[in-house]
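Student: Structure in structure tokens, see below.
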Amino acid sequence: MLNCYQVDIAALSETRFAGETQLEEVGGGYTFYCIGKPDGTPRTSGVDFAIRTKLARQLDSLPYGINDRLMTPCLKLSKDHFSIVISCYAPMMTNPDDIKESFYEVSRTISAVDRKDRLIILGNFNACVGVDFSSWPKVLGQHGTGKCNSNGLLLLSLCTQHGLTPNTLFQQVDKYKNTWMQPRSKQWHI
């Protein structure tokens, strides 16, 4: 599917591989960089990057896992400029607050990115940021959906701290901006 849509880099989450590994899809044209929980522990998370193999060979440094929920490669754009891509998989709402707050230490990873470099954050934040544009005018765009939840507040706080914006700036029909349906309530979310 990645090749069909001409995707060069994809961030994957909830992949559940053990440890840190690299796999090349023979004949498929992609190299996968994965990190998950250590072998012998319950694998409930994990993040990967699928990078077109031709591009992966040009990486300045291989993607590295920060933990089982964060991974980042560094792409050279020019002599002194890089693109830092972060793949995130945030804990779900049912996780204890200390685990969720621990994940949001992603702030340190974001802070370490040089201002002259491009920062791209991809992933699943398991958050609903809602539509309350007036409460978050410098962060939240006018095209969100639903109601903000506690994970959404954590995400909006992170965005405020770093001058980031969740994907709520672009006007489109709800069926195109909502990508996941909650199985019990049947509500769609971004």
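The values are calculated or read from the model by the stated rules, or taken from the named source; none is laboratory data. Everything numeric in this text was worked out from a predicted model, so none of it was measured. Here the Cβ is made from the backbone with ideal geometry for all residues, glycine too, and neighbour counts use every protein chain on show. Surface accessibility is based on the protein's heavy atoms, side chains included, excluding ligands, DNA and RNA. Shrake-Rupley method; radii C 1.70, N 1.55, O 1.52, S 1.80 Å.
Student: Criterion first (open to solvent by less than 80 Å² (accessible area, probe 1.4 Å) and either of a type in the set (Phe, Trp, Tyr) or within 21 Å of Gly65 (Cα to Cα) (or both)) does Ala127 satisfy it?
Tutor: no
Student: Looking only at region 42-62, which residues are more than 27 Å from Cys4 (Cα to Cα) and in contact (Cβ under 8 Å) with a residue 12 or more places away in the chain?
Tutor: Arg43, Thr44, listed by residue number.
Student: Tally the residues that are surrounded by 12 or more Cβ atoms within 10 Å (Cβ to Cβ) and either touching a Cys at 6+ places or on another chain (Cβ under 7 Å) or hydrophobic (A, V, I, L, M, F, W, C) (or both), restricting the search to region 164-179.
Tutor: Qualifying residue count, region 164-179: 3.
Student: In contact with a strand residue (DSSP E or B) (Cβ under 8 Å, 6 or more places away or on another chain), open to solvent by less than 70 Å² (accessible area, probe 1.4 Å) and among the small types (Gly, Ala, Ser), is that true of Ala90?
Tutor: Answer is yes for this residue.
Student: Follow-up. Among the residues of region 73-95 satisfying the criterion of being in a loop (DSSP other than H, G, I, E, B), within 18 Å of Asn151 (Cα to Cα) and not hydroxyl-bearing (Ser, Thr, Tyr), which is nearest to the chain's Cα centre (by Cα)?
Tutor: For region 73-95, the residue satisfying everything is Ala90.
Student: Moving on. Kindly indicate the residue of region 60-87 that is touching a Lys or Arg at 6+ places or on another chain (Cβ under 8 Å), of a type outside the set (Ser, Thr, Tyr) and surrounded by fewer than 17 Cβ atoms within 10 Å (Cβ to Cβ) and also modelled with the lowest pLDDT among those meeting that condition.
Tutor: Here the residue is Asp60.
Student: Evaluate the following for Pro96: is it open to solvent by less than 80 Å² (accessible area, probe 1.4 Å) and without any contact (Cβ under 8 Å) to a residue 24 or more places away in the chain?
Tutor: yes
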